[in-house]
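Notes follow once the structure below has been shown.
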Amino acid sequence: MVIMADVASPANGAAAFKPKDIVYCGVCTLPPEYCEFGGTVKKCEEWLEKNHADMHDRLYSEEALSAGVATLSVDAQKRAAKDAQKKAAKADAAEARDAEKKASSKVLIKRVERNKRKYVTAVSGLEAHGLDLKKVAKDFGKKFATGSSVTDLPSAGTGGKEVTVQGDLSDDIYDYIVENYTAVPEDNIECIEDKKKKASS
């Protein structure tokens with residue numbers, strides 16, 4: 001029977017246990033030892049080399065790689081090489097798809113008439129360019145001194161979101177996006193007007 005008081009503790013003079021410092025990859029969020037199991041090995045390796053060179057040398061040096069491969073059979077080595085090529089090809093293809101999607105994604109700035117002379121400006125498509133919509137809404141609110149919020153897109157089933165700004169600010173928002181959000185190409189920004197349909201009586 002073990003009594004808790006008998007277990008070594010800092011009060012009894014024993015050294016306190018210190019927590020381990022664990023490094024997590026900035027790309028895939030796994031510990032670097034496990035990055036090889038994700039689909040972003042190349043990016044993970046570049047991140048590790050830039051941010052933790054000592055750990056990169058330990059994991060990706062020629063000695064470490066050859067030691068890991070030496071423990072495998074010849075067939076397993078061939079499979080590992082094929083798997084590494086497939087993962088690299090998948091990562092490159094995904095990167096190309098993302099770049100193509102960003103290049104073709106439109107940012108729509110709509111002036112929507114609410115009542116007789118009341119307008120709101122809705123901006124959609126910003127999330128495709130990697131922008132945080134809440135931050136953008138906050139920036140718009142500060143810049144134009146007006147109400148700004150993130151809302152669901154009115155078209156059903158799309159699941160997208162847009163930034164809604166009080167007032168007719170389409171031209172100002174266009175200029176602001178071009179100046180401050182370089183991730184959005186100017187050719188991809190489009191201004192349109194959407195008039196509210198009058199209810200039939």
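The values are calculated or read from the model by the stated rules, or taken from the named source; none is laboratory data. Being a predicted model, the structure only gives us computed values, none of them experimental. With ideal geometry, Cβ positions are generated from the backbone for all residues, glycine too; neighbour counts draw on all protein chains shown. Surface areas here come from the heavy atoms of the whole protein model, side chains and all, with no ligands, DNA or RNA. Shrake-Rupley method; radii C 1.70, N 1.55, O 1.52, S 1.80 Å.
General observations
- Net +/- balance of residues flanking Ala80 in space, Cβ distance below 15 Å, scoring K and R +1, D and E -1: +2
- Two-site label geometry, Glu33 and Ser61: point separation in nm, points 7 Å out along Cα→Cβ: 1.7
- Ordered by solvent-accessible area of protein heavy atoms (1.4 Å probe), largest first, the residues Val27, Val107 come out as Val27, Val107.
- The range 78-156, accessible area per residue, ligands and nucleic acids excluded (1.4 Å, Å²): 68
- Contour excess over end-to-end distance, with Cα ends at Glu179 and Val23 and 0.36 nm allotted per residue: 52.5 nm
- 11 Å reach of a label modelled at Arg97, 7 Å along Cα-to-Cβ, counting backbone N of the range 112-137: none
- The protection proxy used here, the mean number of other Cβ atoms lying within 10 Å of each residue, ranks peptides 88-99, 126-137 as follows, highest first: 126-137, 88-99.
- Rounded accessible area of Leu48 (nearest 10 Å², 1.4 Å probe): 0
- Extension gain, Lys118 back to Asn51 (0.36 nm per residue minus Cα-Cα distance, nm): 19.0 nm
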